[in-house]
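Heads up, the thing below is written out as structure tokens.
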Amino acid sequence: MTKISWTDETWNPATGCDRVSPGCDRCYAITSARIRAGNPHPKVAEAYAGTTQRTEAGLDWTGTVNLIEERLEIPLHWRKPRRVFVNSMSDLFHAQVPSEFIAKVFAVMALTPRHTYQVLTKRHARMRSLLNNEAFERQVLVWAHRLKDDAHEPSWNPGERRFTTWPLPNCWLGVSVENQRWADTRIPALLDTPASVRFISAEPLLGPVDLTAWMPPISPVPASGAPESWADWTWPGWVPADVRTAVENFWSEDQGRSPAHWIRNMHEQGAPAFGATLSMDDGFGQNPPQIVGRYVHAWNNIGRLVLDGDEDREFAYTSFSRADRSRARGIDWVIVGGESGPGARAMHPQWARNVRDQCVAADVPLHFKQWGSWGPAPFIVRVCAPDVGWQGTAEELAAAKADSEARGATHVHTGNWYEEDGERHYWLHEIGHKPWSLERVGLPAGMEPIRRWGVYAAGRELDGQVWDGFPEVAHA
């Protein structure tokens, strides 16, 4: 079992790693590996031997990766279905892991379709290269034959040279995204990788991330922001007049409907994103031809494809399935979390909220794992300059102390500065001490008050709600 909220079990057929990006800087696995290397049980100690080292800068990986063959078949003996995080103490696509060993890991996944495997990597390029390689797929098939146990139903046809279901439907592939730079680098590679479910882990989230390029909103505006009348609605210029008329007539006030009803229908039906460029059915009936266009929702599972550069017609009639929606979206699941442990870097609450809002707009399930060591403070205390002390009332001071003690905060207040009328103002950091700006941990101006609670006290609620989303469907 594991304390990771988005999985049931960890499976580590390989251990050891090295750092490749800022998200690795305070990797929990380094300390865990160091502790386990000193475990009195010889097999545990051997599994982690040589993977860590003490340097002038502190504890670090050595770059050595240990391959633990005897752990490969562990999932074959788990009878109860479970979600399995693969290589939580390493990276399956690390350069020191041979492709043959990776093929063995995938063979075990193929032999255990009752389990769901979650593979998370920062080595996006190698993942893309291997899983697009037919030779690697055949290698997985060979090892699946060798490992096959008659008690386990395979998800492949032994008489074929290739899997009948590839990518494996029970293998979710994800990339770590700690800031926009690494989102822009890793997510395109993930989308180029065959996968039944694609996900991202924005943990630790170290900066604002815009995912809308890969998770476009289902509707042009939220239903709550839609006007009551079409007279107050503004269509994008690329939507043809005939398409506008058809939508407005069906969702007209005469029918007891409105733009808000139209938008809600998009979300209820699981429509592709408004304006997404897709290859979809041209018309209805059996085996309609495919055509490329920009999607506009009509009603239920019916839409219009706006054609670009077609002299004969402006749009086509089409219908959609969940597979069309997935292709428009790209990302099936998002995990968000802040960093914990000594020296943890703080996550701006608005960064988490922005990702949440993007997920809600795109109908992508969100799993908010944790705030980490830092979390939002429930109120703001402002001071006029760094050398000015507490300026609240005695009652506010008592309430601040009581709240802090009740939740175990190690600091009463933290904050940042803001500009007003050309003057810089500060939010108080710690009662009885000189105020301190969170610029030290790289947070931007406009930071709202946060505190160093500790991971358990900070909790998992985002604006009063626990987000425990999981993907529901796989790509076709």
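The values are calculated or read from the model by the stated rules, or taken from the named source; none is laboratory data. Computed from a prediction, not measured in an experiment: that's the story for all the values here. Because the Cβ atoms are built from the backbone with ideal geometry, glycine has one as well, and the counts that use them run over all protein chains shown.
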### Query
Asp149: more than 24 Å from Ile302 (Cα to Cα), surrounded by fewer than 16 Cβ atoms within 10 Å (Cβ to Cβ) and modelled with pLDDT of 95 or more, yes or no?
no
Selection from the range 278-305 of residues surrounded by fewer than 16 Cβ atoms within 10 Å (Cβ to Cβ), farther than 20 Å from Ala260 by Cβ and under 30 Å from the mean Cα position of the chain (by Cα) yields Ser279, Val292
For the range 288-309, pairs from a residue that is more than 12 Å from Pro240 (Cα to Cα) to a residue that is modelled with pLDDT under 95 and of a type in the set (Lys, Arg), with Cβ under 7 Å and 6 or more apart or across chains, are none
Checking Thr185, Thr193 in turn, the sole residue that is closer than 15 Å to Arg123 by Cα, modelled with pLDDT of 95 or more, in contact with a Leu (Cβ under 8 Å, 6 or more places away or on another chain) and surrounded by fewer than 23 Cβ atoms within 10 Å (Cβ to Cβ) turns out to be Thr193
In the set Thr112, Thr15, the lone residue that is under 26 Å from Val334 (Cα atoms) and touching a Pro at 6+ places or on another chain (Cβ under 6 Å) is Thr112
Filter the range 443-476 for residues that are of a type outside the set (Phe, Trp, Tyr) and in contact with a Leu (Cβ under 6 Å, 6 or more places away or on another chain); the one that is modelled with the highest pLDDT is Gly469
Scanning the range 37-51 for residues that are of a type outside the set (Phe, Trp, Tyr) and surrounded by 20 or more Cβ atoms within 10 Å (Cβ to Cβ), the one farthest from the chain's Cα centre (by Cα) turns out to be Ala47
Checked pairs for the range 118-130, first in the same structural domain as Val97 (by TED's automatic domain parsing) and outside any strand (DSSP E or B), second polar (S, T, N, Q) and crowded, with 21+ Cβ neighbours inside 10 Å, C-beta under 6 Å and 6 or more apart or across chains, list as Lys122/Ser176; Met127/Thr121
In the set Arg198, Arg186, the lone residue that is in a helix (DSSP H, G or I), closer than 19 Å to Gln358 by Cβ and basic (Lys, Arg) is Arg186
Glu228 meets each of (1) among the acidic types (Asp, Glu); (2) within 16 Å of the chain's Cα centre (by Cα); (3) within 23 Å of Ala271 (Cα to Cα) with one exception, condition (2)
In the range 25-41, is there at least one residue being charged (D, E, K, R), closer than 20 Å to Thr121 by Cβ and either at pLDDT below 95 or in a loop (DSSP other than H, G, I, E, B) (or both)?
-> yes
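Results for (1) out of contact with any Pro (no Cβ under 6 Å at 6 or more places or on another chain); (2) surrounded by 19 or more Cβ atoms within 10 Å (Cβ to Cβ); (3) of a type in the set (Ser, Thr, Tyr); (4) on the phi > 0 side of the Ramachandran plot, shown as yes or no for each residue.
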site	(1), (2), (3), (4)
Trp214	yes, yes, no, no
Gly237	yes, no, no, no
Val243	yes, yes, no, no
Trp251	yes, yes, no, no
Arg264	yes, no, no, no
Gly270	yes, no, no, yes
Residue hits (the range 85-117; of a type in the set (Phe, Trp, Tyr) and part of a loop (DSSP other than H, G, I, E, B)) are Phe93
Q.
So, Phe93, is that one surrounded by 20 or more Cβ atoms within 10 Å (Cβ to Cβ), of a type in the set (Phe, Trp, Tyr), at pLDDT 95 or above and out of contact with any Gly (no Cβ under 9 Å at 6 or more places or on another chain) or not?
A. yes
Filter the range 243-258 for residues that are modelled with pLDDT of 95 or more and assigned to a helix (DSSP H, G or I); the one that is nearest to Thr277 (Cα to Cα) is Val243
Thr164 meets each of (1) touching a residue at least 60 places away in the same chain (Cβ under 8 Å); (2) in contact with a Phe, Trp or Tyr (Cβ under 7 Å, 6 or more places away or on another chain); (3) among the hydroxyl-bearing types (Ser, Thr, Tyr) with one exception, condition (1)
Within the range 42-61, restricting to residues that are part of a helix (DSSP H, G or I) and either of a type outside the set (A, V, I, L, M) or not assigned by TED's automatic domain parsing to the domain that holds Arg26 (or both), the one that is nearest to Gln96 (Cα to Cα) is Tyr48
